[in-house]
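Heads up: the structure comes next, in C-alpha cells.
The values are calculated or read from the model by the stated rules, or taken from the named source; none is laboratory data. As the structure is a prediction and not an experimental result, all values here were calculated from the model. Every residue, glycine as well, gets a Cβ built from its backbone with ideal geometry; the counts of neighbours run over all protein chains shown. Ligands, DNA and RNA are stripped out before the accessible areas are found, and what is left, the full protein with its side chains, is counted by its heavy atoms. Shrake-Rupley method; radii C 1.70, N 1.55, O 1.52, S 1.80 Å.
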Amino acid sequence: MALYEDYLYARISEDEIGVEKGVTRQLKDVRLLSAADGGRIAGEFSDNDISASKGAPRPGYDQLIAAVTAPNPLRVQRRILTVHTSRVWRNRTERAIGIDSLGKHNLVIRPMHGPVLDLRTAAGRMVAGMLGEVDTGESETKAERVVDAAKERAEEGRANGAVLYGWQRIYEYNAQGKVVGFHDEKDPVQASIVVEIVDRLLSGDTLKAITSDLNARGVPAPRAGDRRKHRAKGQDENGTLWGHTSVKKVALRPANVGLRIYHRGRPDESMLPAAWPRIVDPDKHDRVVALLSDPSRVLERPAARQHLLTWGIGECGPCGAHLRVALKGNAKHGTKQRLYVCEARGCVGRNEEAVDRRVDAVMVRLLSRPDVLGLLEGSAGMHAEALARVEVLKGRLAKYAVMNAEEQITDDQLRVLTAKVKPQLAAAEAAARLHRPSPHLELVLKTLGPDVKGRWESYSISRKRAVMEAFGVRVVIDRQRRGPGFDPESVRVIPRSRDGADG
C-alpha cells in the first residue's frame with residue numbers, strides 16, 4: 001500500500017496564448033516527486049492563466065479542496081504536492097481559510113521547493129502562515145515595481161505592451177548584443193490603412209462599408225496571426241478579419257495623434273504625449289471622434305441607410321414627426337409605390353422618388369452657390385462663442401471654490417452660487433454640441449467644384465446624408481394642394497441658414 005494519497009496542483013498566473021506549457025511542466029515535476037516519495041496519485045488539478053493574489057475564481061483549486069476534504073475512510077495520509085507554496089496561495093484571506101480547513105482534515109502540503117508543511121500541527125500551520133506572508137509580500141512588491149515601471153513608461157511616452165497597429169517596434173542593442181531599449185516608428189503599410197479608415201469615415205463611408213472592403217481586399221486586421229485563447233464570434237482562426245468594433249477602435253485611438261492614456265478609467269486618468277510619431281492629422285482626429293461619438297449614430301443605424309430622409313432629416317410639416325417609407329397603392333393593378341409618410345399620424349404621404357429628385361436638385365443648387373462655405377462658417381462662429389461661454393462659466397465655478405476654500409464665502413453661499421451657474425453651463429455646453437463643426441467637412445470640400453451635380457449623383461445615401469447634416473439641412477414635407485401630380489413646392493429643403501437656399 002502506498003505511503004501517501006497525493007493530490008497534485010499546478011498554477012500559472014499568465015498564459016495569454018493559452019498553450020498551458022507552464023502547468024503541464026509543473027504537473028510533470030510533481031508526478032516525479034510523488035513517485036520518489038512512494039505516493040499514489042489520486043488526482044491532478046490546475047488553474048491556467050489565473051492569479052492567486054487577486055481573489056479571482058480558481059476552478060481547479062476549488063476542485064482540489066473538495067477532493068482532499070472528502071471522507072477518508074481508509075485514513076490514508078493525504079498530501080497536496082506542488083512546485084512551490086506560492087502556487088497554492090498568495091491571497092491572505094484565502095490562505096487563512098485554507099490553512100484552517102486543511103488543518104482540520106490533517107493535510108500535509110509537500111512543495112517541490114521549500115519545507116514540508118504539516119498542517120496537523122500548530123508549528124506546521126504557523127510556518128505555512130509565515131511562508132505565505134513572504135509569498136504575498138513578494139507578490140505585492142512585484143506589483144509595486146510593475147506600477148512604478150508603468151508610470152515611468154507613461155511619463156516617457158513609451159508604449160505599455162505590444163506595439164500598436166500602425167507602428168513597428170525598433171529594438172536598440174548594446175555592444176554585447178543585449179536589448180537595452182526600443183522605440184516605435186510608423187509601419188508604412190499599417191499606417192496607410194489607419195489614415196484610409198479615418199479619411200473614409202470623414203467622407204461619409206460607414207463602418208460596415210469600410211469593414212467589408214478591408215476584408216474583401218484581404219487586409220490583415222490588428223494582431224492577425226497572434227495566438228489567442230479566445231476569438232470574437234465570426235473571426236477566423238488566425239484573427240485576420242476586421243470587425244466594426246476594431247475599425248472604430250483604430251479610428252478613435254488617441255495614439256493616432258501621438259498621445260497615450262495612463263490609468264484608463266481610473267480617477268487619475270491622464271493623457272500624456274507619446275514618444276511615437278503621429279499618424280493622423282489632429283484636426284481630422286477631432287472630427288472623426290466627434291462623428292463616432294455622436295449618440296445619434298447608434299440610434300439611427302447609419303450603416304443600414306436605404307432612404308434619404310427617414311429618421312433624422314425629413315420632417316412632417318403639420319406635426320413635426322419623423323418620416324418613414326411605406327408601400328401604398330393598389331397591388332392588384334401594380335400601382336403600389338414607395339411613399340415618405342408621417343411616422344406619427346400619417347399626416348402626409350409623398351412619392352419617395354419624386355421627393356428625392358427635388359432634394360437632389362436643391363442640394364446641387366445649394367452646393368453650387370459661391371457663398372456656400374459661409375453657411376458652415378456661421379455655425380463655426382457660434383460653436384466658438386459657445387465654447388468661450390463654457391470656459392467663462394467653468395472659471396466662475398473654480399473661482400467660487402477657491403473663495404470658499406479661503407473662507408471668503410460660506411458653504412451655503414457656495415451652494416447657491418453653484419446652483420445658479422450650473423444650468424447656464426449646461427446650456428452653453430448644449431449650444432457647443434449643437435454648433436459643433438461637421439466631422440464631414442472634408443467630404444463637403446471634395447463635393448464642391450465645377451462638377452457638383454455629377455459628384456452628388458454618384459454619392460451613396462450615406463454620403464448624401466453626411467453632406468446634408470454638415471449644413472444642418474431639414475426637409476419638411478407639407479400637405480399638398482388638391483390635384484394630380486407632384487407639387488415640388490410642398491417639399492421644403494431648409495439648410496441651417498434660411499436665406500433662399502431652398503429656391
Inset, instruction - Collect the residues in segment 416-433 that are open to solvent by less than 40 Å² (accessible area, probe 1.4 Å) and of a type outside the set (A, V, I, L, M, F, W, C), keeping them in residue-number order. - result: Thr418
Legend entry - Filter result (touching a residue at least 24 places away in the same chain (Cβ under 8 Å) and either closer than 16 Å to Val288 by Cα or not polar (S, T, N, Q) (or both)) within segment 185-199: Glu185, Lys186, Ala191, Ile193, Val194, Val195, Ile197, Val198, Asp199
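Of all residues being of a type in the set (Asp, Glu) and either modelled with pLDDT of 85 or more or over 28 Å from the mean Cα position of the chain (by Cα) (or both) in segment 441-469, which is farthest from Ile494 (Cα to Cα)? Just the residue, please.
Top of the filtered list is Asp451.
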Inset, instruction - Select from segment 23-43 the residues that are assigned to a helix (DSSP H, G or I) and open to solvent by less than 70 Å² (accessible area, probe 1.4 Å) and write down the one among them that is farthest from Arg110 (Cα to Cα). - result: Val23
Inset, instruction - Report yes if some residue within segment 274-285 is open to solvent by less than 50 Å² (accessible area, probe 1.4 Å), at negative phi and either modelled with pLDDT under 85 or of a type in the set (Asp, Glu) (or both); otherwise report no. - result: yes
Inset, instruction - Examine segment 239-254 for a residue that is among the β-branched types (Val, Ile, Thr), at pLDDT 90 or above, touching a helix residue (DSSP H, G or I) at 6+ places or on another chain (Cβ under 9 Å) and over 25 Å from Ser458 (Cβ atoms), and state whether such a residue exists. - result: yes
Inset, instruction - Could you look through segment 66-87, keep only residues that are at negative phi, free of Cβ contacts under 8 Å to residues at least 60 places away in the same chain and not polar (S, T, N, Q), and pick out the one that is least open to solvent (accessible area, probe 1.4 Å)? - result: Ala70
Inset, instruction - Determine the pairs where a residue that is more than 13 Å from Leu309 (Cα to Cα), located within segment 328-354, has a partner that is polar (S, T, N, Q) and modelled with pLDDT under 80 with Cβ atoms under 9 Å apart, the partner being 6 or more residues away or on another chain. - result: Gly329/Thr335; Lys336/Asn330
Inset, instruction - Could you tell me which numbered condition Glu185 fails, if it satisfies all but one of (1) assigned to a helix (DSSP H, G or I); (2) modelled with pLDDT of 90 or more; (3) within 26 Å of the chain's Cα centre (by Cα)? - result: (1)
Legend entry - Residue, most open to solvent (accessible area, probe 1.4 Å), within segment 468-496, restricted to residues that are part of a helix (DSSP H, G or I) and in contact with a helix residue (DSSP H, G or I) (Cβ under 6 Å, 6 or more places away or on another chain): Pro488
Inset, instruction - Filter segment 95-119 down to the residues that are free of Cβ contacts under 8 Å to residues at least 12 places away in the same chain and under 17 Å from Val83 (Cα atoms), then identify the one that is least open to solvent (accessible area, probe 1.4 Å). - result: Asp118
